[in-house]
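Shown next, in structure tokens, is the structure this report addresses.
Bear in mind these aren't lab numbers, they're just calculated from the coordinates by the rules spelled out. Only a predicted model underlies this, so the values are computations on that prediction, with no experimental measurement involved. Using ideal geometry, Cβ is built from the backbone for each residue, glycine included, and neighbour counts are taken over all protein chains shown.
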Amino acid sequence: MDRHLPKLAVRSGVLAALAAVGVTAGLLAPASAAPSHPASPWHDARAPAGPRLGPWVVVAARGGLAGTSGPSGPVPATPDVVLTVKATNLAGQPDTGGVIQVFSVDSAPMAPQSQQFAGGVAKFSIPAGHYFALASFGGLASGSHAPVRTVILPQIDVTANTSVTVHETSADSKVTMVTPRPVAPIDTNIWFLRTRASGAFWSLEGIFPGSQHVWFSPMHATTTVGTLRMSVNQHLESPPGRGVPYEYTLSFTSPPGIIPVQRHVVSAKGLATIHERFYQPVTSAGAWAFNGSFPGKNANTDSWFGFIEPQGPGLHLPGRLTEYAGGQGSARMEWKGQYAPFPGLPSVVGEVRLLRAGEHLTSNWGAYPLHPGVNALLTTLPNMFWMDGANIPSAVRAGNTLQLEVDPFDDNQPGHQIGLVTASGPAKATGTYQIDQNGAKVAGGDAVAAAKFGLFYTTATLGAKPSTIRFSLNYTRTSTDFPLSTATSTVWTWHSAPVSGGQVPPGWSCVRFTYQPHGCAAQPMMTLGYAVARLRLDGTAPPGRQAIHLTVGHLKGATASAITAASVSVSFDGGTTWHKARLSGHGGSYTAVFTAPAGTMVTLRTSATDAAGGSVTETITSAYQIGS
């Protein structure tokens, strides 16, 4: 397994998503490099060099000011009392260099306060009230791999000048994940949720590299104002060696009021297992990341607690990886995978989905043929990742406005978005599109210029009468990195009428980047899916008899009618001559059989119709290759 990951910056997309929903985010602690495992590209690396005044960053807050991991925030103009925190180190001596971070748990807004211990003392001038504090010792400097020990003070009642003492030795429980297979940690990701008076809360996060041991003080947290909850997450990878590499992504969320001993044991039957398969005709060093979140469509609420940062091992592509995911309290966690196929290219992502303990899934990334793919919804629970845009049906109408979103070079796995359509670089593409209503053009132009986030996206204004819509989409993408499925040409037709007062099913939205299910309807656009028998990870199939399973359907959430016919033709000379495949099956599930000579490229042409007069016709040039 290649542990040296390409330098990418997808983590910034998570930060942008947080900003979009009004979350006040501090600078995230960097994933400092261990000698054998460089910093992951999935983490934000904007944290300043030098000492950090506390590893705990306010990621979300309600009813108070969000601070940062830097110096103390503003102090009230007329402080009432002094809070003195005394600290001893592991040797029992007064500590210098540790950090105490103090957060008000009352409803009155006050920025968090941070101080370094000097001679075993830190002092705060603050209003009388109730406070939550975290005292951290050890490897706090950026890039340090020394252990970090944090003593948790669930509530400090300050009614007059008050003094409390913390001992580094009480942080005697090291975060340890015990797994069925040997592993080494990639990172440790910790969250605290401290609810406050009147529904306010602090949501704090700390990120530590895998080489840095993290210790806490276990306890039953006695509080009279709000509650305290903790979530401990780790990514762990298999040791170098032969065989299929694997990763564990684990989350352990304690019940409110308990900071447990940090030795967490998982069993194989308590985890979901996903067999990740990465198809690619060109070898490369890629990177994998896996993450999860509890449901909550707005990260500025306490329902969005326990987010697992995206992280994972390096990859040899084409290749395979086994992902194990789960942990205590993760039954409602929504999980998401993403990977970078080549250095210098954006990541491609999978849709958010629930995973259940004991289930085994297979996820085929980039399985050929690549062709226009539609948005899929794998869970209807609210989640902030709807902001990725995949929560809108790929064809949706509101009034007389038609909105289209299609992944031009998608694989055949529902929920994946792997298009990588760009106007320059190794994924450079060209393309055109056109939308007709009853034979008259209403929109069209450059399909690459219309792309957003690598996907085709556009809107068009339709006439008010019921009509037949024809949507054609053509893309070409040829480079040494993408020698297969080099061009697609797809034409859809369906009947459409103005929408007033419509509603999409739960989980879908009418508007990109928000959740608004009312006032629109998914269009009955037809869909195609392919599964090539005996397809190898390099995009080739053995010569001779070929079998392709064809699935024909409609967009989820649309009014679907019966599939009435389908056909498949193949070409071995780039489309000059065509041979009709033998097709069997019915009701949208078919198998196309034909014979292909060694060393050729298979170009596919597929057509299907439904009982409502809808149709789809698709040509995929060099869809996949026949091996020798």
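Shape analysis of the stretch 371-626 yields a ratio of the Cα radius of gyration to the Kirkwood radius, Rg/Rh, of 0.96. Report the net charge of residues surrounding M601, where surrounding means a beta-carbon distance below 14 angstrom and charges are Lys +1, Arg +1, Asp -1, Glu -1. Charge balance near M601 sits at -1. Sorted on the mean count of surrounding Cβ atoms within 10 Å across their residues, most packed first, peptides 189-198, 587-596 read 189-198, 587-596. Annotation: amide H of Q503 within the under-5 Å range of G519, C520, sequence separation 5 or more or interchain, hydrogens built in the peptide plane. Reported to the nearest whole Å, the Cα centre-to-centre distance from the stretch 223-296 to the stretch 560-628 is 40. Antiparallel beta bridges, as assigned by DSSP with both residues in the chain, represent about 85 percent of the total such bridges. Scanning residues 5 or more positions from S107 or on other chains, those with amide H under 5 Å from its amide H are A197, with H placed 1.01 Å from N in the peptide plane.
L537 sits among other residues whose Cβ lies under 15 Å from its own Cβ, and their net charge, with Lys and Arg +1 and Asp and Glu -1, is +1. Of the residues L455, V616, L83, the one whose Cα sits farthest toward the positive end of the charge dipole of the chain, with +1 on the Cβ of Lys and Arg and -1 on the Cβ of Asp and Glu, is V616. Rounded to the nearest 20, the Cβ-based charge dipole of the chain about its Cα centre (Lys and Arg +1, Asp and Glu -1) stands at 620 debye. Placing unit charges on each Cβ (+1 for Lys and Arg, -1 for Asp and Glu) gives the chain a dipole about its Cα centre, and among A395, G139, I190 the Cα reaching farthest toward its positive end belongs to A395. Every helix of 4 or more DSSP H residues in the chain counts as -39500 (n - 2.57), and over all residues that averages to -500 deg cm²/dmol at 222 nm. Comparing T162, G286, S203 along the charge dipole axis of the chain, the residue lying farthest to the positive side is G286, per the Cβ-charge model. The relative contact order of the stretch 151-213, computed from alpha carbon pairs under 8 Å that lie at least 6 residues apart in sequence, is 27 percent. At an R0 of 22 angstrom, the distance between the Cβ atoms of T222 and Q116 translates into a FRET efficiency of 0.20. Between the helical axis of 11-20 and the longest alpha-carbon principal axis of the chain there is an angle of about 80 degrees. Highest-first packing order for the peptide set 482-488, 506-512 is 482-488, 506-512, based on the mean count of other beta carbon atoms within 10 Å. Take every pair of alpha-carbon atoms less than 8 Å apart whose residues are at least six positions apart; their mean separation over the length of the chain yields a relative contact order of 10 percent. Using C-alpha pairs under 8 Å with a sequence gap of at least 6, the mean separation divided by the residue count of the stretch 454-503 gives a relative contact order of 42 percent. Projection of the Cα convex hull of the chain, averaged over all directions and equal to a quarter of that hull's surface, yields 29.5 nm². Note on the chain: lysine pairs with Cα distance below 19 Å, sequence gap of 8 or more or different chains, count 4.
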